[in-house]
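Heads up: the structure comes next, in structure tokens.
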Amino acid sequence: VALLYGLPIAPIVTIVIVNRLENKDKIMSFFGLGSGGLQIKITVNGTPDSHPNDIVYLRHRPSWKVRKNVFTVLKNHDNNNAQLIHQQRGIVPNKNNNNRIMVYSCDHDTEGSITLTMGHGKKLDHMGIQVKFFGRIDMEGGVHEGRPHYDFISLSKELLPPGSLYDTRTVPFNFRGVEKLHETYHGRNVSVKYFVQVEVKRQWLPPITAEHEVLVQIPGVEPSVNEPIKMEVGIEDCLHIEFEYEKRCYHLHDVICGQINFLLVRIKIKHMELAVIRRETSGEGLAQSAAMGGSNGG
């Protein structure tokens, strides 16, 4: 029709594409791939104010990536000090803390609420709604043998029996007394994470799921004996270097201090560099060797 009336084809094609994008959700719902208009919100209870010994705020989400600007931490520390001074002077900043990242201790019970919201005039028939709590070791980022992930915690509870959703419903949940043996870790090849998952089962259609990660840390105890370290390296009869460190174990906020002694130098030294190396090993064989090395004090 466009060619008979001498109209360009491009505008007609553009209109069709726009309409397809607008009807994307309807098409996915028609084939059972969408959420059917259901919105799921998972809220975990607790703040540093209500549980000061179990919950703390984080500056950023844990990641294996290193910041390009290492002085950003110092800048944030100065900003925190400035906020403290403002509070002491009676100046209360207007900030929304709902989006701040919180980390929970391993002894804190995971509990909260799940809000299920349906749009006005919509209905969703389901075959039951469950809430699950997982502790998972994920190796999808690297080379792995066998299955890409392993669930060391897998718990499930029923939220709602089969029925229909018409409006907004809020249902509480709790997973108490769960032993969390590992810290949350997001590495380059391996990640350890805990998360709450909501699953809405449907007849003849794939379930609707939503997840919320729970960051967990295991606070360490400073060792009673933290002796200094001395080690010697070099080339026989040519170069002997002695490294000295103030202590063996360091806190993440500590500064590594020590000294290097050149005991014997019979060769020309062009330059010398110092580097802090962060190494990640993954795999069953590597994990066993690392455990054996750790038990021997390595």
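The values are calculated or read from the model by the stated rules, or taken from the named source; none is laboratory data. All values derive from a computational prediction rather than experimental measurement. Cβ coordinates were reconstructed from backbone atoms using ideal geometry, including for glycine residues, and neighbour counts include every protein chain displayed. We work out accessible area using only protein heavy atoms, side chains counted, and drop any ligands, DNA or RNA first. Shrake-Rupley method; radii C 1.70, N 1.55, O 1.52, S 1.80 Å.
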Original post:
For the range 149-195, what does the alpha-carbon gyration tensor say about shape, rounded, prolate or oblate, given a ≥ b ≥ c as the root eigenvalues, a/c under 1.5 as rounded, and a/b over b/c as prolate?
Top reply: prolate
**OP:** Give me the accessible area of M127, 1.4 Å probe, in Å² rounded to the nearest 10.
**Re:** 100
**OP:** Write out the trypsin sites (Lys or Arg not before Pro) in the range 245-275 meeting two conditions: DSSP loop, and at most 13 other Cβ atoms within 10 Å of their Cβ.
**Re:** R248, R266, K268, K270
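Could you tell me which of the pairs K180/K247; K157/K193; K132/K180; K122/K201; K41/K157 are separated by over 26 angstrom between their Cα atoms in the structure shown? All intermediate terms of the calculation are to be shown ahead of the outcome.
Details: K180/K247 30 Å; K157/K193 20 Å; K132/K180 15 Å; K122/K201 17 Å; K41/K157 17 Å.
Among K180/K247; K157/K193; K132/K180; K122/K201; K41/K157, the Cα-Cα distance tops 26 Å for K180/K247.
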Original post:
How many percent of Cα pairs in the range 114-204 exceed 20 Å?
Top reply: 51
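Across the range 170-269, how large is the tail of the calculated P(r) beyond 21 Å, expressed as a percent of all Cα pairs? Before the final figure, lay out the partial values.
On the way: 3286 of 4950 pairs.
Counting every Cα pair in the range 170-269, those more than 21 Å apart make up 66 percent.
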